[in-house]
Amino acid sequence: MLFCHKKYDSHRLIEVFEKGTCFYSQENAFHQRFVEFFCSKEKFIFDCVLASTIKCLQKYQDDRKEVENQTNINQCEILIDFAWEKINIGHWKDVDVFWRKLYRIISFIKCVNLYISGGVIDAIKSCDMGLIMGAPIREELFTHEAADVISLGLSKEYTNIHVPTKRYVIPPRSLNIKEVPSINSPSLQYFMELLEPGTPFVMKNIISHWPAIKKWSPEFLRSKHGCRTVPVEIGSSYVSEHWSQKLMTLDEYISDYILSKSDSIAYLAQYELFKHITRLKEDISPLDYCAVSNSEVVTNCWFGPEGTVSPLHHDHYQNLFCQVYGYKRFIMYDRADDMHPHQHHLLKNTSQVDVESPTVTEEFPDMKEKVAWVVELGPGDVLYVPLHWWHHVRSLSVSFSVSFWWK
Amino acid sequence: AVVSTQSTGGLKVKNIAAGYWHCLALTEFDVVYAWGWNNKGQLGLSRENAMENMPVPLFEEDMEIDYISCGRSHSAFLTKDKSLYLCGWNKYKQCSEDANEDIYLDNRLKVNTPSATDVVDVVCGPWSTYFTTD
């Protein structure tokens, strides 16, 4: 049987497979915890799968052809199903991190076995499940690296066809609109001064050097990272009854919801994509401006079609929102303004006011005086959203943004 | 969901069984109600029903259910005429040795376990099913 993936058996991938399986088989602290949760029979299965995987990997390198190992894959699935159960019972806060570590390890081992038996697509899917549901041991990155190298091998050529076309939605005329000021490439010191009043502003020409600005497009993502699985939100807004999440590959997401008109809106929102698909980190760089405080920075991606709406809400972070591809419109209100938040404890940060409704000032008459800070962002713009400020975001075209949250 | 006799059409509940994410209630007059997750077909409903927030009745009127039992994601129903019906997660052959996929039931279509006739008792482990015959 012609083994067409030989070209992509980069030395790097086999090295990651070897290092990873060895590392996991020698992690004594983890093994000790394993015995606490399982009886000796499951530990025996776990040890056997690891040992057998190491043997099969060796055989694969020696013989240079696919190795049949369905038994290993079946054993992996048993442990994965068991760990998955534990992760999905009760409150996620109460789930012992042991189960998520086990899930990550076995997903990696399953990936190795799938890859050397010729199942490259299933191999990377297994990695992605391990990355989405699992947790690392001491910040190791074996699963990340394996997935990144496999996806390199599955990369395709592409041409940039899609040009984002803007559909502007005018906010209701009854709102008291103020334009957000914009500043060209401020120095770090000037940025600190700009932060003081605690009001929003846009910075221009500070991310034009990001490779992402030139490179990223729906076609790029689909061709270079299409085989990766991500969690996508389905539904018009997160407060709607029919809102749900679904796992799908970037290829499926981009084909069905970005590049073609779909009945339902899907949105890859508030996802730490760069922690998952580490190769994409190379196309952006952290903003020096976030370093003004010593806090941890959370980096989220926001990738969706035209028409995604995040209803008026506030976050517990300072936000530098970078628009990379396409256009978005923000409507913002001062944190001190009473925006009639929902009572439900899960929605306390979300307003009941629909700022785009033509009858908004009839439903909520106090909206007439409150100042609405409105701005339209295009590629290369960076918006500062102050801590706890209310914001409503609508995409005016296919849009890709990166947000940096800090405190 | 919090359920009461009102949820089971006013019928009193004789017996109850719970899986990890679903529940069954056997009521007087031998009618079974099911609620919870149906991601593997464990509620005895078709693929279109992802889940049921409130109890829904299963089977046609002529089915008299004697015993019920739940595994992690599968369900077992034993009728008064000693027939066994299984549905739900089938990856480890909990429901059917022959089928290679999870077993979904329509309210119309019933999957009977062929080897299991004259079944007098059934109980489900999390990933398995045990039954005894006459």
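The values are calculated or read from the model by the stated rules, or taken from the named source; none is laboratory data. Remember, predicted model here, so these are calculated numbers, not experimental data. Cβ atoms come from the backbone with ideal geometry, glycine included; neighbour counts cover every protein chain shown. When the accessible area is computed, the model is the full protein with side chains, heavy atoms only, and any ligands, DNA or RNA have been set aside. Shrake-Rupley method; radii C 1.70, N 1.55, O 1.52, S 1.80 Å.
Tabulated values for the structure
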{"quantity": "Global form of region A:133-273, assessed from the alpha-carbon gyration tensor, a/c cut-off 1.5", "calculated": "prolate"}
{"quantity": "Rounded accessible area per residue of the protein assembly as shown, 1.4 Å, Å²", "calculated": "49 Å²"}
{"quantity": "Of the GluC sites (Glu not before Pro) in region A:87-165, those whose Cβ has at most 12 other Cβ within 10 Å and which sit in DSSP loop", "calculated": "A:E139, A:E157"}
{"quantity": "Highest average packing first - A:93-105, B:120-132, Cβ atoms within 10 Å", "calculated": "A:93-105, B:120-132"}
{"quantity": "Long-range amide H partners of A:I183 with built H, under 5 Å", "calculated": "A:V202, A:M203, A:K204"}
{"quantity": "Relative contact order computed over chain A (Cα-Cα under 8 Å; 6+ residues apart), in percent", "calculated": "17 percent"}
{"quantity": "Straight-distance crosslink candidates among lysines, where the alpha carbon sits under 21 Å from A:K370 and sequence neighbours closer than 8 are dropped", "calculated": "A:K178, A:K348"}
{"quantity": "Cross-link pairs beyond the 20 Å C-alpha cut-off, checked among A:K246/B:K40; A:K43/A:K125; A:K43/A:K86", "calculated": "A:K43/A:K125"}
{"quantity": "A:S240-A:D63 FRET efficiency (beta carbon distance; Förster radius 60 Å; 0.05 resolution)", "calculated": "0.65"}
{"quantity": "Region A:136-291 - share of DSSP beta bridges that are antiparallel (%, nearest 5)", "calculated": "75 percent"}
{"quantity": "Semi-axis lengths, Å, region A:1-150, gyration tensor of Cα atoms, sqrt of 5 times eigenvalues", "calculated": "26, 16, 14"}
{"quantity": "Isotropically averaged projected area of region A:138-197, using the convex hull of Cα atoms (one quarter of hull area), nm²", "calculated": "10.8 nm²"}
{"quantity": "Summed residue charge, Cβ within 13 Å of A:F30's Cβ, Lys/Arg positive, Asp/Glu negative", "calculated": "+1"}
{"quantity": "Drop in accessible area of at least 30 Å² in the complex versus isolated chain, residues of region B:12-31, 1.4 Å probe", "calculated": "B:Y20, B:W21"}
{"quantity": "Three-way shape call for region A:246-396 based on the alpha-carbon gyration tensor, with the a/c threshold at 1.5", "calculated": "oblate"}
{"quantity": "Percent antiparallel among DSSP beta bridges (both partners in the protein assembly as shown, rounded to 5)", "calculated": "90 percent"}
{"quantity": "Part-to-part distance (alpha-carbon centres) for region A:127-201 and region A:220-280, which is given in Å", "calculated": "14 Å"}
{"quantity": "Leading residue at positive end of dipole, the protein assembly as shown (Cβ point charges), from A:I116, B:N53, A:S244", "calculated": "A:I116"}
{"quantity": "Size of electric dipole in region B:68-109: Cβ of Lys, Arg +1 and of Asp, Glu -1, about Cα centre, debye, nearest 20", "calculated": "200 debye"}
{"quantity": "Eligible aspartates and glutamates near A:K101 by straight Cα distance, threshold 12 Å, same-chain separation 8 or greater", "calculated": "A:E27, A:E139, A:E140"}
{"quantity": "Three-way shape label, region A:329-403, alpha-carbon gyration tensor, a/c 1.5", "calculated": "prolate"}
{"quantity": "Protein heavy-atom accessible area occluded, B/A pair - total, 1.4 Å probe, Å²", "calculated": "700 Å²"}
{"quantity": "Order by protection proxy (mean Cβ within 10 Å, highest first), peptides A:200-213, A:302-315", "calculated": "A:302-315, A:200-213"}
{"quantity": "Sorted peptide list for B:48-54, A:378-384, A:397-403, criterion being average Cβ within 10 angstrom, highest first", "calculated": "A:397-403, A:378-384, B:48-54"}
{"quantity": "Kirkwood Rh (inverse of mean 1/r, distinct Cα pairs), region A:191-290, angstrom", "calculated": "16.0 Å"}
{"quantity": "Whole-Å distance, taken between Cα centres, linking region A:39-80 and region A:296-311", "calculated": "40 Å"}
{"quantity": "DSSP-loop GluC sites (Glu not before Pro) across region A:35-111, with at most 13 other Cβ within 10 angstrom", "calculated": "A:E68"}
{"quantity": "Chain A: DSSP helices with Cα axial extent of at least 24 Å and average Kyte-Doolittle hydropathy no lower than -0.5", "calculated": "A:40-63, A:70-87, A:97-116"}
{"quantity": "Dipole in debye (nearest 20) - region A:80-161, about Cα centre, beta carbon charges: Lys, Arg +1; Asp, Glu -1", "calculated": "120 debye"}
{"quantity": "Computed [θ] at 222 nm, helices only, for chain A once each DSSP H run of length n ≥ 4 contributes -39500 (n - 2.57)", "calculated": "-11000 deg cm²/dmol"}
{"quantity": "Members of region A:76-112 that become less accessible by 50 Å² or more once partner protein chains are added (1.4 angstrom probe, chain alone as reference)", "calculated": "A:D81, A:W84, A:E85"}
{"quantity": "Compactness relative to 2.2 N^0.38 Å, alpha carbon Rg of the protein assembly as shown", "calculated": "1.14"}
